[in-house]
1. Neighbour counts of other C-beta atoms within 10 Å: give me 151, 24, 94, 74 arranged from fewest to most.
2. Quick check: pseudo-label points 7 Å beyond the Cα along Cα→Cβ at residue 143 and residue 128, how many nm apart are they?
3. To make sure I understand, if each residue's beta carbon is the centre and we count other beta carbons within 10 Å, what order do 73, 82 fall in, fewest to most?
4. Could you compute how fast the stretch 92-159 diffuses translationally, taking Rh as the Kirkwood radius over C-alpha pairs and applying Stokes-Einstein at 10 °C with viscosity 1.306 mPa s? Give it in µm² per second.
5. Given the convex hull of the Cα atoms of the stretch 24-155, what is a quarter of its surface area in nm²?
6. Take 170, 163, 39 and order them by how many other Cβ atoms sit within 10 Å, fewest up front.
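Every number in this text was worked out from the coordinates using simple rules, so none of it is lab data. Fair warning: this is a prediction, and the values are worked out from it, not measured in the lab. Neighbour counts run over all protein chains shown; Cβ positions are idealised from the backbone, glycine included.
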């Protein structure tokens, strides 16, 4: 936190290049707290709902994978120790694909000189955004886009992989956005 505090402008309303205002620190701090609590809670609750209301095989596959992972105590279950659980990660990804907890679009402002987006010129200072809800539910990107199929995120070598999902465009799955302004919670 110290490097950020060192960059706070002496004149908090008029920062110079390379500094940030106290207001920006506060705004970003609130965003981090909200993202770290509410969005995670929404995602976990949604995953539980999808697992309990959908195909019971999904729930059984997840339970079998977690129980066979060799965890001895609850303390053994950590972010680093669950990275090797492909079905758990597939369930998380499919939950984020179907019901991303961030509402609306991810707005950006076109830079000086404008920018070409998908063959269209967008003038500077134009607010543009991407709706993850729409991208993640387009049939051009995902087979049966409104259905819960964690198997789409498994490797093709995994015996649980569903070949009917082979044409999914997994590169369209960007739940944490991309580029220099992507979500810091993505990894």
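1. Details: 151 20, 24 16, 94 23, 74 7.
Ordered by Cβ neighbours within 10 Å, fewest first: 74, 24, 151, 94.
2. Placing both labels 7 Å along Cα→Cβ, they lie 3.2 nm apart.
3. Values: 73 6, 82 16.
Starting with the residue having the fewest Cβ neighbours, the order is 73, 82.
4. Values: Rh = 14.2 Å.
Estimated via Stokes-Einstein, D reaches 112 µm²/s.
5. Values: hull surface 45.0 nm².
About 11.2 nm², averaged over all directions.
6. Working: 170 13, 163 8, 39 16.
Least crowded to most crowded, the residues run 163, 170, 39.
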